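Have a look at the structure below before the remarks.
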Amino acid sequence: MFGYIMPEKPELKIKEFDMYRAYYCGVCKSIGRRHGQIKRMTLTYDAAFLALLLCSILNVETKVKKERCMVHPTKKSFVIYNEIIDYSSDINIILAYNNIIDKWKDDKSKIALVGLVGLKRAYKKLHSKYSTKCDIINRRLEELSILEKNNCDSMDAAAEPFAKLMEEVLDYEKLDDNTRQILRWMGYNLGKWIYLIDAFDDLEDDIKNSSYNPLLSHFKYNGNDVCEFKDNIKEQVEFTLLYCLGEASKAFQLLAAKENKEILENILYIGMLSKTDKILCQRSCVKGEKSI
Amino acid sequence: MKNPYEVLGIKEGASEEEIKRAYRELVKKYHPDQYQDNPLSKLAEEKLREVNEAYEYLTGKGNGAKATSGWNGRNASYSPNQSTSSYGSGGSDSFAQVRMYINNGNILQAESLLETISIKNAEWFYLRGLIFMKKGWYNEASMNIKQAVNMDPTNFEYRNTLNRMNSSNNMYRGNASYRGYNSSPSFCDMCTFLWCSDTMCECCGGDLISCC
């Protein structure tokens with residue numbers, strides 16, 4: 001479900017792209033340093049976005065270094081070090097762990113089990129550090145699995161727990177109340193968008209495996225052609241998706257974002273919109289994005 | 001007071017033209033119209049006030065006051081309270097109460113009160129739509145408001161809200177294309193956009209394309 005929040009690379013300036021990558025690499029290295037190298041595999045674009053967003057509104061002491069990395073040993077690139085990067089890497093691990101638990105419950109696959117065992121210790125440590133946040137995230141995921149079990153037939157209701165989860169993810173305690181309120185609304189809408197775009201993206205698979213999908217239940221799928229079904233529901237789903245993005249970007253406008261505003265705007269206004277268009281229209285949607 | 005240059009997002013010593021341009025952009029951005037159905041509307045109002053103050057400070061009282069009062073005048077006409085008093089008078093006391101809760105951001109209370117009302121008329125569906133809107137349940141919101149419009153097609157308020165919801169998405173898309181994103185056939189989009197604007201103008205009593 002993660003990894004949909006990413007920039008539209010062709011619309012970034014080269015210096016902006018370098019900066020984005022510095023954050024992305026920063027989170028990746030922070031995971032390796034603080035939780036173990038192998039866990040760097042769980043890195044998502046969402047964590048890089050979180051780091052960019054919070055760094056843009058908080059004044060934190062930041063170090064920039066030019067380093068090599070295991071994945072790309074030939075070239076040196078910029079890497080950012082600060083406390084927000086560390087926070088984002090923690091959140092990345094918490095979400096990855098919950099995601100894998102979810103997978104394990106779904107299909108009991110061996111890969112999920114390996115991941116689960118690997119992440120368990122790191123997660124336990126983080127759980128004691130962010131106990132309230134972890135508990136809320138757990139509760140939301142429980143709510144979600146209950147809704148899924150009961151075959152919830154309203155897409156708004158089904159998306160609610162995940163939206164509330166992202167609300168918690170974006171909320172950073174050290175900020176003032178107003179900013180936190182804005183971040184929570186932004187998180188809510190981003191979460192809703194992620195949940196629904198993922199549901200639309202998974203339609204074919206879920207039909208094949210006859211698993212739960214909020215859109216199949218909401219629009220009462222009766223076994224006819226998938227493409228036809230998609231065409232029929234597209235407009236209505238698009239309405240909600242775009243509305244979420246609109247609200248998230250309105251919330252963003254109210255934040256006093258200073259650094260990297262252009263990159264964040266690129267993600268919110270172009271990257272996520274083009275993702276929406278691609279998934280809704282299935283226009284040459286390349287699955288499994290590569291790391292940058 | 002915050003540094004007015006910072007508030008307007010310009011360099012210190014910017015020319016009058018630059019100040020004006022930045023001011024106009026920001027007023028458009030934080031205009032109450034944009035945040036009418038948004039739970040952050042109070043914060044947007046505050047932001048607009050800051051922008052007004054900064055502009056006033058930089059351009060000198062006289063000039064600024066004129067601009068401010070102009071915008072304040074518009075603010076007033078868009079404030080949620082006023083629209084309530086002008087439209088809500090026809091409804092029963094409970095509906096008025098629900099509206100009050102919605103305006104104060106007390107969504108839970110608005111919701112539970114609305115559920116107790118047994119008359120399911122157009123206004124009931126409209127208010128239910130507004131509540132869903134504030135909760136972020138956009139699909140339910142648009143369904144309920146559409147229902148209200150169908151039940152009472154002559155009601156200007158219901159229709160207006162529905163139009164606003166639709167134009168919000170166009171606005172978001174517009175913002176992306178302004179930044180260089182183009183999806184596909186732009187000519188077709190342009191026609192639709194013109195047609196939409198024309199319809200919206202006509203809704204408000206004006207006209208954009210006089211021949212149709």
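The values are calculated or read from the model by the stated rules, or taken from the named source; none is laboratory data. Note that the structure is a prediction, hence the values are computed from the model and not measured. Cβ sites come from the backbone with ideal geometry, for glycine too, and all protein chains shown count toward neighbours. All accessible areas refer to the heavy atoms of the entire protein, side chains included, with ligands and DNA or RNA removed. Shrake-Rupley method; radii C 1.70, N 1.55, O 1.52, S 1.80 Å.
Below, the figures for the structure above:
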| read-out | value |
| --- | --- |
| Degrees separating the helix A:155-170 axis from the principal Cα axis of chain A, which is the longest one | 10 degrees |
| The protein assembly as shown shape via C-alpha gyration tensor axes, a/c threshold 1.5 | oblate |
| Over 31 Å (Cα to Cα) - which of A:Lys234/B:Lys47; B:Lys42/B:Lys146; A:Lys120/A:Lys234; A:Lys120/A:Lys230 fall in this group | A:Lys234/B:Lys47; A:Lys120/A:Lys234; A:Lys120/A:Lys230 |
| Neighbourhood charge, 12 Å Cβ-Cβ cut-off, centred on A:Ala96 and excluding it, Lys, Arg +1 and Asp, Glu -1 | +1 |
| Anchor A:Lys15: lysines whose Cα lies under 21 Å away (excluding residues fewer than 8 positions away in-chain) | A:Lys29, A:Lys63, A:Lys65, A:Lys66, A:Lys75, A:Lys76, A:Lys258, A:Lys261, A:Lys290 |
| Charge dipole magnitude, Cβ of K and R +1, D and E -1 - chain A, Cα centre, debye nearest 20 | 1800 debye |
| A:Lys278, A:Lys129, ranked by accessible area, largest first (probe 1.4 Å) | A:Lys129, A:Lys278 |
| Globularity index of chain A, i.e. its alpha-carbon radius of gyration over 2.2 N^0.38 Å | 0.99 |
| Crossing angle, helix A:272-281 versus chain A [Cα axis fit, 0-90 degrees, rounded to tens] | 30 degrees |
| Residues of the stretch B:4-59: accessible area per residue with a 1.4 Å probe, Å² | 54 Å² |
| The stretch B:4-59 - charge dipole about Cα centre, Lys and Arg +1 at Cβ, Asp and Glu -1, debye rounded to 20 | 140 debye |
| The protein assembly as shown: calculated mean residue ellipticity at 222 nm from DSSP helix runs of at least 4, using -39500 (n - 2.57) | -22500 deg cm²/dmol |
| About the Cα centre, charge dipole magnitude for the protein assembly as shown (Lys/Arg +1, Asp/Glu -1 at Cβ), debye | 2180 debye |
| Cross-link reach list, aspartates and glutamates versus A:Lys129, counting only Cα pairs under 20 Å and skipping chain neighbours closer than eight places | A:Glu83, A:Asp86, A:Asp90, A:Glu167, A:Glu168, A:Asp171, A:Glu173 |
| Residue-wise HN-Hα coupling along the stretch A:178-188, computed from phi with Karplus coefficients 6.51, -1.76, 1.60 (Hz; x: Gly, Pro) | 4, 4, 5, 4, 5, 4, 5, 5, 5, x, 4 |
| Table column - 3J(HN,Hα) (Hz), the stretch A:226-231, Karplus curve with 6.51, -1.76, 1.60, x for Gly and Pro | 5, 4, 5, 4, 4, 4 |
| Highest-MSF residue in chain A out of A:Lys230, A:Lys120, A:Lys76 [GNM, Cα springs under 10 Å] | A:Lys76 |
| Mean separation of Cα contacts under 8 Å (6+ apart) over length of the stretch B:91-177, as relative contact order % | 21 percent |
| Rg and Dmax [Cα atoms of the stretch B:91-177; Å; Rg one decimal, Dmax integer] | 13.4, 46 |
| Cα gyration tensor category, rounded, prolate or oblate, for the stretch B:4-59 with a/c compared to 1.5 | prolate |
| B/A buried area, accessible surface, summed, 1.4 Å probe, Å² | 3400 Å² |
| Of A:Lys149/A:Lys220; A:Lys110/A:Lys133; A:Lys192/B:Lys29, pairs whose Cα-Cα distance is over 26 Å | A:Lys110/A:Lys133 |
